[in-house]
Amino acid sequence: QVQLEDSGGGLVQPGGSLRLSCTTSGSMLNIVTMAWYRQAPGKQRELVASLSLEEGTDRPTRYGDFVKGRFTISRDIAKSTVFYLQMNAIKPEDTAVYYCNARSWTNVNAWGQGTQVTVSA
C-alpha cells in the first residue's frame, strides 16, 4: 500500500509562490493518477490538479477551473517518488489545506495528511 506525506505549506503573501511536495513510500505499482486536492473551511474538498502516471495513454493533466495557469503539477525527474504542486500568483482564496492523493483503477485511494496554505498580507 502506498503512503503519502505532504509538505511545503505555510504563510504566503498574495502574489507569492509556494511549492508543495508529496513524498510517496510503499508500492506505487498500480497507481495510475497522482493528484492534489484542497479544502477550505466550510467548503467541500476540490480537485486542484491531477497527473496521469500511465505510460502510453493520452490522459491529460487536469486542473481546477480556478487555477487559470497559476499552478503546475509535476513529478521529480530524479526522485520519481516525489510529486510537486508549484503555486504561483497565489490569491487569498487559495487559503486551504492541500492534500496529496494517489489512486489506482481498483481499490487504492490514498491521502496525505494535508498541508496548510494560508495567504495573507
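The values are calculated or read from the model by the stated rules, or taken from the named source; none is laboratory data. Note that the coordinates shown come from a computational prediction; the quantities given were computed from them, not determined experimentally. Using ideal geometry, Cβ is built from the backbone for each residue, glycine included, and neighbour counts are taken over all protein chains shown. Just the protein is used for accessible areas: all its heavy atoms, side chains included, with ligands, DNA and RNA removed. Shrake-Rupley method; radii C 1.70, N 1.55, O 1.52, S 1.80 Å.
Those strands (runs of 3 or more DSSP E) of region 6-45 in which 2 or more residues are over 14 Å from W111 (Cα atoms) and charged (D, E, K, R) are absent.
A quick yes/no check of all residues on (1) among the charged types (D, E, K, R); (2) open to solvent by 30 Å² or more (accessible area, probe 1.4 Å); (3) touching a Gly at 6+ places or on another chain (Cβ under 6 Å):
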residue: Q39; (1), (2), (3): no, yes, no
residue: G56; (1), (2), (3): no, yes, no
residue: I73; (1), (2), (3): no, no, no
residue: K79; (1), (2), (3): yes, yes, no
residue: P92; (1), (2), (3): no, yes, no
residue: N101; (1), (2), (3): no, no, no
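Every listed requirement among (1) open to solvent by 40 Å² or more (accessible area, probe 1.4 Å); (2) out of contact with any Gly (no Cβ under 6 Å at 6 or more places or on another chain); (3) part of a strand (DSSP E or B); (4) not polar (S, T, N, Q) is met by F83 save one, (1).
Out of the residues in region 58-71 that are more than 21 Å from G8 (Cα to Cα) and within 16 Å of the chain's Cα centre (by Cα), state the one that is surrounded by the most Cβ atoms within 10 Å (Cβ to Cβ).
Filtering region 58-71 down to residues more than 21 Å from G8 (Cα to Cα) leaves 58-62, 65, 68.
Within this subset, residues satisfying the condition of being within 16 Å of the chain's Cα centre (by Cα) are 60-62, 65, 68.
Details: P60: 9, T61: 12, R62: 15, D65: 7, K68: 10.
Ranking the qualifying residues of region 58-71, first place goes to R62.
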